[in-house]
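Written out below as structure tokens is the structure these notes cover.
What follows draws every value from the coordinates through simple rules; no lab data is involved. Values in this document were obtained by computation on a predicted structure and should not be read as measured data. Cβ sites come from the backbone with ideal geometry, for glycine too, and all protein chains shown count toward neighbours.
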Amino acid sequence: MSSKIIVTNYSRSGRELRWRRIWIRKSLDSICHALELVLPPSERPNVRRHDRIQVRIANPLITDSGGRRLVTTALVDEVETAAGASGHSVTVLGRSPARDIVDSTWSDDRWVNPETTTPHTLAEIVGSIAEKFGIDFAWLPTDVPDPTGHVNFFAWQNETPWQKIITEADSQEFLFTSNGAGGLHLWRVAHAPRVEGFHVTEGQNARSITLRENGAEQFHRYVVTGNFEEVEEAVDHECPPGRVMTIDMTGFDVTREKMRNRALLERNRRREVRAAVAVSGWGLSDGQIAALGDTAGKYVFWGPNFMVPVRAPTVGLDEPLLVAEVEHEADHEAMQTTLTLTRRAAYLL
């Protein structure tokens, strides 16, 4: 990819920052992108906590965004200056703007609906919360009516509403992700390979492939306890008896259905085999981007919730898999992406 990485501090008139190393993580298991920048010491005066940092890729083959497509937007959580025998550096850590929803705690009972009124949908509730923090929110695809179901009771006291939002989204089989501009997207688990042509093929774009079965986080019984000693559970017969995970879910909005769904989701996600794949670049090759023609509205970088065909005979893979996590890395010599792939069943009830 004939690309150039551009890092700017939007909070300081779009000042371009010189950088030494970049790491970005996007995951289905975390609403926020994570960003780590290593900068030369001379850039320290140009970055402060809570600044808005944007990372773009400039490529003449990208026909939208002036050829400079956003990869991520992050608010700075921490700035660390280090000095030692190996030299001086500045490390900047940040997360997507949705961090403010995740971190903030307050109370709200607007979503407690009397039986005489129409309950709000999940999208209506999330849209209102996102607006409070100045965060754009949209469901995908955007050309369909609100796809989410109604929520009869949704309230919280002196806490973040985010876990309640995730629980409700899980029960309706929706996912939340941040986008490159820092907004929130809500969408279904992908079911078909993307049209842009993303793929993982051993001997072509895959530099290394590791298949991992993790038993340390797998349990035989997933027990969810709720109000009034209610209990729901799911059993994983692939795991030896005796290993038990117990989750407490209490509150006026907790139903037996939500408890059962939580048990099923924990079982499905913890028993899935995952593959870690290292690929060159951060997305499509120049040839693939050129073949797209007009790139507006099309993905050119790897992202979570992509279904991609995977062919890796050495580790026994020949099937479409879901991208659960993306880690972009770059220095001034190379750009690389590490993908975490799993079967889509891990994110379904």
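Across the chain, the relative contact order, built from alpha-carbon pairs under 8 Å that are at least six residues apart, equals 17 percent.
I want to verify the translational diffusion coefficient of the chain in µm²/s; compute it with Stokes-Einstein, Rh as the Kirkwood radius over Cα pairs, at 4 °C and 1.567 mPa s. Intermediate results must be reported in sequence, preceding the final value.
Values: Rh = 22.0 Å.
D = 59 µm²/s.
Which of the lysines could be linked to residue 132 by a straight reach, that is with a Cα gap under 26 Å, when you skip same-chain ones fewer than 8 residues away? The reachable lysines, counting only those whose Cα sits under 26 Å from residue 132, are 26, 164.
Just add up the charged neighbours of residue 345: K/R +1, D/E -1, any other residue whose Cβ is under 10 Å from the Cβ of residue 345. Write out the running numbers ahead of the final one.
On the way: positive: 269, 271, 343, 344; negative: 272.
Net charge in that neighbourhood comes out at +3.
The mean sequence distance of close C-alpha pairs (under 8 Å, at least 6 residues apart), as a share of the length of region 40-173, puts its relative contact order at 21 percent.
Full extension of the chain between residue 70 and residue 49 gives 5.5 nm of extra length, using 0.36 nm per residue less the Cα-Cα distance. Loop-resident GluC sites (Glu not before Pro) (DSSP state other than H, G, I, E or B) in region 245-333 with no more than 13 further Cβ atoms inside 10 Å of their Cβ: 333.
The modelled label-to-label distance between residue 10 and residue 159, using points 7 Å beyond Cα along the C-beta direction, is 3.1 nm. Based on C-alpha pairs under 8 angstrom that are at least 6 apart in sequence, region 221-270 has a relative contact order of 48 percent. A crude spin-label estimate for the pair residue 23 and residue 103, with each label 7 Å from Cα along the Cβ direction, gives 1.9 nm.
Remark: the residue 257-residue 345 segment gains 29.8 nm on full extension, using 0.36 nm per residue and subtracting the alpha carbon distance. A simple spin-label model places the labels of residue 88 and residue 188 5.6 nm from each other, with each point 7 Å out along Cα-to-Cβ.
Evaluate E = 1/(1 + (r/R0)^6) for residue 124 and residue 208, where r is the Cβ-Cβ distance and R0 equals 35 Å; express this FRET efficiency to the nearest 0.05. If you can, show how the numbers build up before the last one.
Details: r = 44 Å, r/R0 = 1.27.
The pair residue 124/residue 208 has a calculated efficiency of 0.20.
Partner aspartates and glutamates whose Cα lies under 18 Å from the Cα of residue 258, excluding those fewer than 8 positions away in the same chain, are identified as 168, 170, 173, 229, 230, 232, 233, 248, 266.
For region 239-301, what does the alpha-carbon gyration tensor say about shape, rounded, prolate or oblate, given a ≥ b ≥ c as the root eigenvalues, a/c under 1.5 as rounded, and a/b over b/c as prolate? Walk me through the intermediate numbers first.
Working: a/c = 5.24, a/b = 2.17, b/c = 2.42.
Judged from the Cα gyration tensor, region 239-301 comes out oblate (a/c at least 1.5, b/c at or above a/b).
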